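One structure below.
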Amino acid sequence: MKILAINPGSTSTKVAVFNDEEEIVRGSIQHFSSRNDRSQDIQDRAEEILSFLNESSISFDFDAIACRGGILPPMESGTYLVDDKMVDFLLHRSAIDHPSNLAAPIGLRLSEGKIPVFITDPISVDELCEEARLSGLPQLPRVSRLHALNMKAAARQIAFDLGRDVQNLNLVIAHLGGGISVGLQLRGKMVDVNNATDEGPFSPNRTGELPVGDVVEKCFSGEYSERELLNRYLKFGGLLAYLGTDDLRKALKFAKEDDDAALVVDAMAYQIGKEIGGMVAVAGGSIDAIVLTGGMAYNTEFVQKIKEYIGKFALVVIEPGENELLSLALGAKRVLEGTEKARTFDPEVAM
């Protein structure tokens, strides 16, 4: 099966072509012009993808187009057929204006109604148990926002490696990247997870959880605008705030020469271990494996620091990287093969 996978960013679009699971070609298409017109942006990106395929001698005879899921309402895990309702929501009703919202519209534009277009496991996947939704304030329920695409793909891979059905496994999955998601997946459902934007451990550039009283004080101090505060917590926190870098490799190098830097790196591992331990606790200790995935999982030195906290809880499996384009292609492939049924997006039911 020949599948085109699309993952847009703010200034580039990552694309890859797969024949079943074999990657045929991959590219990152840079966008240099300023595009305030989303309709024109979608058209331009679609044309640039076609040019890339043409330059790569790839004919446009795909069995499916697989797109990154955008900021959609809370919805169940799975692969969804892209249609006009989904595109309309992404372009006009999404809670956050994010580059990933362009993926499905680009895919539908390219397909011209002749090729099925799918998204798989967007970050708004919501399978939380009811206890996990309470934050401590009725007006501020906890929401499920996670690196669902990679975490679900890692779970399926671990199930395959163990010779088990993912629906019969209890897993704690930690995505370790620029943002950190630590989730508890019980029998295929992600019943709890920290919101990677503003909960859980601090990460290379995000603060994670903060003392609420101190945050409120800063909000009313007059020192910062709303945007400045959001950037402070979501873009310039974590390792970057403490050490001036969000590169884990550099942070570990600093740690070898400076005790304060070592403390910061150790604290991030400590917080990750504590978050994982909390998920093990609410599962009653009944965990088949703890999975460490994402870009930081490539770093064996940092992984070892985490394992020192969690190694006695369960089998620890390392599944590094994100492999988002392949995960998207595999989602479409499962539907085409009939091993998974495509879901239909309904914005009223999803919300």
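Ellipticity at 222 nm from helices only: DSSP H runs of n ≥ 4 in the chain, each -39500 (n - 2.57), divided by the residue count, give -12000 deg cm²/dmol.
In terms of the Cα gyration tensor, with a ≥ b ≥ c the square roots of its eigenvalues, is segment 118-256 rounded because a/c is under 1.5, prolate because a/b exceeds b/c, or oblate? Since a/c reaches 1.5 but b/c is at least a/b, the shape of segment 118-256 is classed as oblate. Each other residue within a Cβ distance under 10 Å of Val282 adds +1 if Lys or Arg and -1 if Asp or Glu, for a net charge of -2. In terms of the Cα gyration tensor, with a ≥ b ≥ c the square roots of its eigenvalues, is segment 204-351 rounded because a/c is under 1.5, prolate because a/b exceeds b/c, or oblate? Judged from the Cα gyration tensor, segment 204-351 comes out oblate (a/c at least 1.5, b/c at or above a/b). Can you compute the label reach from Leu134? Point 7 Å from Cα along the Cβ direction, backbone N cut-off under 20 Å, restricted to segment 171-203. Within reach of a label on Leu134: 184, 191-195, 200.
Our estimate of slack between Thr339 and Asp247, defined as 0.36 nm per intervening residue step minus the Cα-Cα distance, is 29.2 nm.
Evaluated on segment 287-351, the Kirkwood hydrodynamic radius is 14.7 Å, with distances taken between all distinct Cα atoms.
Taking a ≥ b ≥ c as the square roots of the eigenvalues of the Cα gyration tensor, segment 2-126 is oblate, since a/c reaches 1.5 or more and a/b is not larger than b/c. For Glu22 and Val212, the difference between the fully extended length at 0.36 nm per residue and the C-alpha to C-alpha distance is 63.6 nm.
Between Asp63 and Glu76, full extension at 0.36 nm per residue minus the direct alpha carbon distance yields a gain of 2.2 nm. Rounded to the nearest Hz, the phi-derived 3J(HN,Hα) couplings of segment 296-313 under the Karplus curve 6.51 cos²θ - 1.76 cosθ + 1.60 (θ = phi - 60°) are 5, 5, 6, 8, 5, 5, 6, 4, 5, 4, 5, 4, 5, 8, 10, x, 8, 6, where x marks glycine and proline. Among the listed pairs Lys253/Lys274; Lys253/Lys305; Lys114/Lys152; Lys2/Lys85, those whose Cα-Cα separation exceeds 20 Å are Lys253/Lys274; Lys114/Lys152; Lys2/Lys85. Once C-alpha pairs closer than 8 Å and six or more residues apart are averaged by separation and normalised to the residue number of the chain, the relative contact order reads 19 percent.
In segment 271-351, what percent of the accessible surface is made up of carbon and sulfur (1.4 Å probe, ligands and nucleic acids excluded)? Percent of accessible area from carbon and sulfur atoms in segment 271-351: 50. Rounded to the nearest 0.05, the FRET efficiency derived from the C-beta distance between Asn299 and Arg227 at R0 = 30 Å is 0.40.
The values are calculated or read from the model by the stated rules, or taken from the named source; none is laboratory data. If you're wondering where the values come from, they're calculated on a predicted model, not measured in any experiment. Cβ sites come from the backbone with ideal geometry, for glycine too, and all protein chains shown count toward neighbours. Surface accessibility is based on the protein's heavy atoms, side chains included, excluding ligands, DNA and RNA. Shrake-Rupley method; radii C 1.70, N 1.55, O 1.52, S 1.80 Å.
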